[in-house]
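Any read-out appearing in this document is the output of simple, stated calculations on the displayed coordinates, not a laboratory observation. Bear in mind that the values here come from a model prediction, so they are computed numbers and not experimental data. When we count neighbours, we look across all protein chains shown, and the Cβ atoms used for this are built from the backbone with ideal geometry, even at glycine.
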Amino acid sequence: MNPLTHSFRNQRTAGLLSTAFRFLLAFAVLVLLLALAAPAQAQDAATFFKQNCSSCHTIGAGRLAGPDLKNVHTRRDRAWLKQFVPNPRAMIDRGDPYVLKLLQSANGVVMPPPQGLTESRLNEILDFIEAESKAGRIWGGGGLSDRPYTAADFVLGRALFSGEKPLAKGGPACISCHTVGTLGSFGGGRLAPAPQYDLTRVYERLGGRKALGSWLSAPPTPTMNAIFKQHPIEPTEAFALLSVVEDAAASSGEADAVPLLNFFLIGLGGAVAGLVIFGTVWRGRFRSVRRALVRGELQRGSASLTTGGER
Amino acid sequence: MDVRSQIAMVFHLDKCIGCHTCSIACKNIWTDRRGTEYMWWNNVETKPGTGYPTRWEDQDRYAGGWEVNNGDLSLKSTGKRKVIFNIFHNPHMPTMDDYYEPWTYDYQHLFNAPEGSDQPTARPVSMVTGELINIESGPNWDDDLGGSPIYAANDPNLAGLTPEQREQLFAVERLVFFYFPRICNHCLNPGCVAACPSGALYKRGEDGIVLLDQKRCRGWRSCIAACPYKKVFFNWSTGKSEKCILCFPRVETGQAPACFHSCVGRIRYLGVLLYDASRLEEVAKLPNEQLVEGQRSLILDPNDPAVIAAARANGVADSTIESAQKSPVYKYVKLWKVALPPHIEFRTLPMLFYVPPMSPVMAHREGNAVAHDSEDLFHDIETARVPMKFLANLFGAGHEAHVRYALKKQKAVRWYRRALTVGDVDMTLAQRMLTEADCTPEEADGIYQLTSLCSFDDRFIIPPAHREEAIQMFEDPLEHKQGVGFGFLSGPHRGM
């Protein structure tokens, strides 16, 4: 064999080997990543209940935003529950009379579908609720003080809501997505879907201080859940924030359109002011030479033009 | 000493008749394309006048050229800091209106118009938008008499003239003028090259022609703002800038550039200069009044053995050195000192020089009549129609000494030739004027010959370009010598 061709072959084989090695390596990394992800599923039903259900439901501690789940297995059968929990909205659309009754008692607030719920997990949860109900153990419903709000609570709440004082665990301030009627001329954010962005009536919607406090301890809606799972709101912070919402519910109506108009007018004024400032600072900028020159001469009445020649 | 060669030019303004043949020759060859309609790489301006683009000499508005800041030379228009703040918009750029909106006429209308009670007319049509326009200005509006009182009165070179001098200039029906043809000056310290962020502009090593690489240009247009002579133009169709290329394809084949070749008044001279590039920066920083002399000092004597040796060591071809020894530009600029750079205060060190024009007073006003006095052809240069100060603003950075020297010498040569050929002037007087003008009879003969009796071969001393050497740097001419040629389609066979 020609030595040149030979060495060329060798190089090619080496290249193939290295490609295979790279595939192996990529596969190994993939397996490792999956293995790391697995423990997240291994949490038990109690933890799942705490993280995903307890913001609206208790077992034996009374109603929050959603009904008390104690002995729920006696009220509805397992098949019905397994149909309802993963997709509550579908049951409402179908017009199930029991669900419509539930909706009424929840002030029209639809239960958000729990995140990361599999069929086996649902069975585990339902088993858990059944077992705990029978054992008479109480889950949820505590943790928030019953004392009346003080002025200090309100001041702290305003600061937390507006982001002047950051939340202890690093969660975003409420104002980025929500507004309340008492927030002043600019209002707050409107990123959250309507009507939730306006928190003025949230007290009524979610059923009072206790329900809302529990709700804040682990917000269940998809967007908030994703954010506050990692950065939960502390009970003292939740208490202070509740004072703001309660004050808003007591003192004012909906966050109306005036803040929006103000926002627009102030923005417009700012833009005009900016243009005036730039126009003044750069008033000597290059515009046109010839046209300005001719216009200037003509405006001056052009004494030089008329007195120049006799023609 | 870093000796380099530069193809330089002299325009003899005393001979320019303002026929614009140069402009047309250039236009027909180079700027008759879409996007270039408004460009005049060569244009002829009427002075006093505002020129093209309007008031291009006013660097307070256009910020072209260089300035000395704390002993450093910096561009007026741009710089590392300025470019960041103006990255989306170059300030100081002439608008289309400052050049002029190019137009043609709707000639077809003359043939196609429906029958009516009037003669059909050919109305002006914009060559940019294709729509009917009202012509407001042109590339030489002064010369078209389209608004001369306005434009002439706003010539930036009128700055510093006394009311009497202005009166003297505009005395007779405001109609005094001379012509000022302009092309790219192919400067020694070009602002356009320095300003280009893409490195598209370069000054050719072999002959100093400043060129713009169309493939590298990214349309930043910094060159347009930086060139104080406004001789780089933006092609709105290609999105790239363009400029005078000194007809390098012609120069490389031994022909004069088209505008030089076609010049009716024979005012244009072209030749090689050897200069000392190591002193460029030092000279460009000199105070205004020393700039003319400083630039002249850069130009080296091509007959000096030391200069020749240094030139050879720098790779300047022998043929170029020989060409430099015969250069008419060298004579006008360095030997006779009658050709001066335009607006040297812009500090780009232009390599196009002008012999300032004589402007004898031929007539004066008497009441409403104009009286002619043609006998005073050999006038006193101090009382010429165009004030010395005006020419000094144009050719001497505001300082009159060099302009006065050049005009005095020209006048002395005229007196001397008159004494020699006609004899109605006293020869001793003529000789004395020569001496006063720092001129010898031999020099006067030389000036006379090159001014009045110059042929093509006297005006254009074009060095061989040695393109073969440049090509050999990139390609081996013998590479394909033994390769496969076209061969036969059907090969020849021995026998029948």
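Between the alpha-carbon centres of segment B:390-457 and segment B:13-65 there is a gap of 29 Å. Counting 0.36 nm for each residue step from B:Glu131 to B:Glu293 and taking away their Cα separation leaves a gain of 53.2 nm. Which FRET efficiency value, to the nearest 0.05, do you get for A:Ala250 and A:Lys50 by plugging their Cβ-Cβ distance into 1/(1 + (r/R0)^6) with R0 = 22 Å? Working from the Cβ atoms, E equals 0.10. When the C-alpha to C-alpha distance is required to be over 21 Å, the pairs from A:Lys50/A:Lys210; A:Lys50/A:Lys101; B:Lys27/B:Lys240 that qualify are A:Lys50/A:Lys101.
The mean number of Cβ atoms from other chains found within 10 Å of a Cβ in peptide B:149-156 is 4, as a whole number.
When DSSP beta bridges are limited to those with both residues in the protein assembly as shown, what percentage is antiparallel, rounded to the nearest 5?
Around 85 percent of the beta bridges assigned by DSSP in the protein assembly as shown are antiparallel ones.
In plain terms, the chain from B:Asp144 to B:Ala313 could stretch by 55.7 nm, reckoned as 0.36 nm per residue minus the Cα-Cα distance. With each label modelled as a point 7 angstrom along the Cα→C-beta vector, the A:Glu124-A:Gln83 pair spans 2.6 nm. Calculated on the Cα set of segment A:151-251, radius of gyration then Dmax: 12.2, 33 Å. A straight Cα-to-Cα reach below 13 Å connects A:Lys82 with the aspartates and glutamates A:Glu119, A:Glu124, A:Asp127, residues fewer than 8 places away in its own chain not being considered. Extension gain for B:Ser490-B:Thr95 works out to 135.8 nm (0.36 nm per residue, less the C-alpha to C-alpha distance). A helix-only calculation puts chain B at -8000 deg cm²/dmol for mean residue ellipticity at 222 nm, using -39500 (n - 2.57) for each DSSP H run of at least four residues, averaged over all residues.
Work from the charge dipole of the protein assembly as shown (Cβ charges, +1 for Lys and Arg, -1 for Asp and Glu, about the Cα centre) and give the residue of B:Gln290, B:Gly51, B:Gly35 farthest towards its positive end. Result: B:Gly35, furthest along the dipole toward the positive end.
Counting only DSSP beta bridges with both residues in chain B, the antiparallel share comes to about 90 percent. Per residue of B:92-98, other chain Cβ atoms within 10 Å of the residue Cβ number 4 on average.
For chain B, the relative contact order works out to 21 percent when only alpha carbon pairs closer than 8 Å and six or more residues apart are counted.
Measuring between their Cα centroids, segment B:214-277 and segment A:166-239 lie 69 Å from each other.
Look at the stretch B:49-61: the mean tally of other chain Cβ atoms within 10 Å of its residues' Cβ atoms is 2. Using the Kirkwood radius built from alpha carbon pairs, what does the Stokes-Einstein equation give as D for the protein assembly as shown at 25 °C and 0.890 mPa s, in µm² per second? Calculated translational D: 69 µm²/s. Counting only residues at least eight positions apart within a chain, or on another chain, the lysines with an alpha carbon under 18 Å from that of B:Lys15 are B:Lys47, B:Lys331, B:Lys337, B:Lys408, B:Lys409, B:Lys411.
With Rh defined as the Kirkwood radius, the inverse of the mean 1/r over Cα pairs, the Rg/Rh of segment A:45-135 is 0.92. Rg of the Cα atoms in chain B, relative to 2.2 N^0.38 Å, amounts to 1.09. By the rule of a C-alpha distance below 18 Å, with chain neighbours fewer than 8 residues away ignored, the lysines paired with B:Lys76 are B:Lys230, B:Lys231, B:Lys285. The B:Gln108 and B:Ser237 beta-carbon pair, evaluated with R₀ = 22 Å, returns a calculated FRET efficiency of approximately 0.40. Using C-alpha pairs under 8 Å with a sequence gap of at least 6, the mean separation divided by the residue count of segment A:151-251 gives a relative contact order of 34 percent. Assuming R0 = 30 Å, can you tell me the calculated FRET efficiency for the pair B:Arg279 and B:His466, based on Cβ-Cβ distance, to the nearest 0.05? The calculated FRET efficiency here is 0.70. Once C-alpha pairs closer than 8 Å and six or more residues apart are averaged by separation and normalised to the residue number of segment B:343-460, the relative contact order reads 18 percent.
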